[in-house]
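Read the structure below first, then the notes.
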Amino acid sequence: MSDTIGAVMLAVGILFNLAGCLGMVRLPDVYNRLQAATKCVTLGTCLVLGAVAVLTAGQSAAIALRGALCIVFIVITSPTAAHALARGAHASGVKLWEGSVADAYAADGEPGAAREETE
Amino acid sequence: MNDPHAKEGMSLIVKTVTRWLKGFLLLYGAYIVLYGHLTPGGGFAGGVIVACAFILVFLACGAGIGHRTLGRLAASELDSAGALIFTAVGALGIALGGVFFRNFIRTPPEAHFRLLSSGVIPVCNIAIGLKVGTSLFMVLAILSAVHVAVKGGRRRMVRRREDKS
Amino acid sequence: MMRRLALFLLCFAVWIVLVWPPRDETGALRLADLSAGALAALLAAAVMREFTFEKTRGLLDPRRYLWLAAYGVVLLFYIVKANFDVAYRVLHPAMPIRPGIVKVRTSLRSASAITALANSITLTPGTLTVEATADGWLYVHWIHVTTTDPEEAARHIVSRFEWFISRIFA
Amino acid sequence: MPETIYNLACGALLVCCGMCLYRIGLGPTAPDRAVAIDILGIVVVCFTALLSLRTGLSYYLNIGIAWAILSFVGTIALAKHLEGKGFDE
């Protein structure tokens, strides 16, 4: 029973990983790529770690506990890294895709960025 | 003291996540160093993670708070302490066993695969972890504060703040 | 002092997770591992001077942990929904996207609460936080913009988490 | 049967790595490459989880956590560079 659940979780997780990477290849600009990649790969990796925990549940609790630690770490850091990259991309002057409908961040003059133009 | 809205460093979100995580990064580095003789890792790998904890603070909050967490003087002294401990272990090997780095701490066979085992290896790991952790942090701090400039036909490393030309 | 104590206890708990199991084959406590953990947690609590917690008052309130558990379930539901949404948009041959950056307003003020809200928004359907200012404006990249009005957008993006987070980070 | 599952999963993850490398190679702007590097780091954590499943040894996940830490710090450094700031400000 737990083998079936684990195998299904593993398969779904890897399919999400594939979808995220495919989104990174197909979507048109860096912000959309971040959207697809961050969400899908984060959930995919968490599902794979969970599947490993379920599949080895009979052998040792150590794998499950370390997997849980890893999941918590990834869920906290991955959106933060995505936010930092999006902000960095906007500050470095990457334009939104031409099909975009609004850019309130640029319209407000990037508040909080506090860049002084030196050179 | 801990003002997340200061202009220095990166955005509010990165600063807050750094505040949440840095203690655990340091703890994890210490774990990798202390269990280097039982699991993958060891002095260098754990030292890199310890350095990462300080580097994350340095990147997210700026150099001021980064150096308040681990100052330049403390870093260089810990660096030297690591090197001295490592050499002292080797020298004690000569003094007690006649060979450089001779294992002079005997552990009984029933202690194998426990934390307190494998002789002088954990001591060496701790020394290497100290050395690598602090000196990698200093590498980043120094390289971010200086740059290469041409002065009088020669290339020199100069401090960025003093180089207004 | 209390904040250092809280960080020490949390670090010690993480250490116990790392060196699991805490008892060896004979059933005795592995004292060497646990005391090494105490030393390492002491180091982490002593060195990291800018603290992990903003304040310790109310840290033992059990209601906050109940809200945290409930919030975890809600967040998990939205994360799964987000993934099917994004996978649909990526795999659809025509890629039905209509991206843009909108700004929304939140009533949360503490740095931890704003961060938790921003990370939750990043993990949920079609939205990615680009910037969060300290006075409560969030700039959100939205993969399928339906409105650019801050009030209307806030009802779509923010309101489903704000209520929980204001209780967890009270 | 577990052997087949393991091989299939590793193959699929290699395809993911290939797509990340495609984006690293052809990404028109620097932030595109940074995104792909970040994602590659998380995919490697998946590999360590699979290794731990295959061998039944828990310490492969230690490597996974360490990899996630290094990947996060590296991404933050890249983002700070993209923002146009020096590392010490």
Positive-end residue, chain B charge dipole about Cα centroid, Cβ charges, pick of B:Val89, B:Leu26, B:Gly119: B:Leu26
Partner lysines for C:Lys55 [C-alpha distance under 16 Å; skip if fewer than 8 residues away on the same chain]: none
Pairwise label distance in nanometres, C:Leu5 with D:Asn7, each label 7 Å out on the Cα-Cβ vector: 5.9 nm
Alpha-carbon centroids, the range B:36-57 and the range A:67-97: separation in whole Å: 23 Å
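Hey, got the dipole for the protein assembly as shown? About the Cα centre, +1 on K and R Cβ, -1 on D and E Cβ, debye to the nearest 20?
Values: 48 positive and 35 negative charges, 166 e Å.
Here the protein assembly as shown has a charge dipole of around 800 debye.
Given an 8 Å cut-off on Cα distances and at least 6 residues of separation, report the relative contact order of the range B:77-165 as a percent.
Working: 86 pairs, mean separation 22.8, N = 89.
Relative contact order comes out at 26 percent.
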Which listed pairs, of A:Lys95/B:Lys15; B:Lys22/B:Lys131; A:Lys95/B:Lys22; B:Lys15/C:Lys103, have C-alpha distances above 24 Å, in listed order: A:Lys95/B:Lys15; A:Lys95/B:Lys22
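Set the Förster distance to 35 Å, then compute FRET efficiency between A:Val72 and B:Arg102 from the Cβ-Cβ distance, nearest 0.05.
Details: r = 44 Å, r/R0 = 1.25.
Between A:Val72 and B:Arg102 the formula returns 0.20.
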Between the range B:68-117 and the range D:13-89, the alpha-carbon center distance in angstrom: 34 Å
Extension reserve of the B:Ala74-B:Met157 stretch, reckoned as 0.36 nm per residue once the Cα distance is removed: 27.5 nm
Estimated dipole of the range C:62-168 in Debye, rounded to 20 [Cβ of Lys and Arg +1, of Asp and Glu -1, Cα centre]: 300 debye
Separation of alpha-carbon centers, the range A:21-37 and the range C:1-26, rounded to whole Å: 40 Å
20 Å Cα-Cα reach of B:Lys151 towards lysines, excluding residues that sit fewer than 8 places from it in its own chain: B:Lys164
³J(HN,Hα), Karplus 6.51/-1.76/1.60, whole Hz, each residue of the range B:117-124, x for Gly, Pro: 7, 6, x, 8, 4, x, 5, 4
Cα-centred dipole magnitude for the range B:12-159, charges only on beta-carbon of K, R (+1) and D, E (-1), debye, nearest 20: 700 debye
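Would you work out the relative contact order for the range A:2-91, in percent, from Cα pairs under 8 angstrom that are 6 or more residues apart? Numbers along the way, then the final one.
Values: 89 pairs, mean separation 29.0, N = 90.
This gives 32 percent for the range A:2-91.
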Using θ = phi - 60° and Karplus 6.51 cos²θ - 1.76 cosθ + 1.60, couplings along the range A:36-49 (whole Hz; Gly, Pro as x): 5, 5, 4, 4, 5, 6, 4, 5, x, 5, 5, 5, 5, 5
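Suppose only helical runs count, i.e. DSSP H with n ≥ 4. What mean residue ellipticity at 222 nm does that imply for the protein assembly as shown under -39500 (n - 2.57) per run, divided by all residues and rounded to the nearest 500 deg cm²/dmol?
Values: 18 runs with 355 residues, N = 543.
Computed mean residue ellipticity for the protein assembly as shown: -22500 deg cm²/dmol.
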Estimated FRET transfer efficiency when R0 is 30 angstrom, pair B:Leu84-B:Ala145 (beta carbons, to 0.05): 0.70
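Each value in this text was obtained by applying a stated rule to the coordinates, not by laboratory testing. In this text, all values refer to a predicted model and were calculated from it rather than measured experimentally. Quick reminder, even Gly has a Cβ in these numbers, built from the backbone with ideal geometry, and neighbours come from all protein chains shown.
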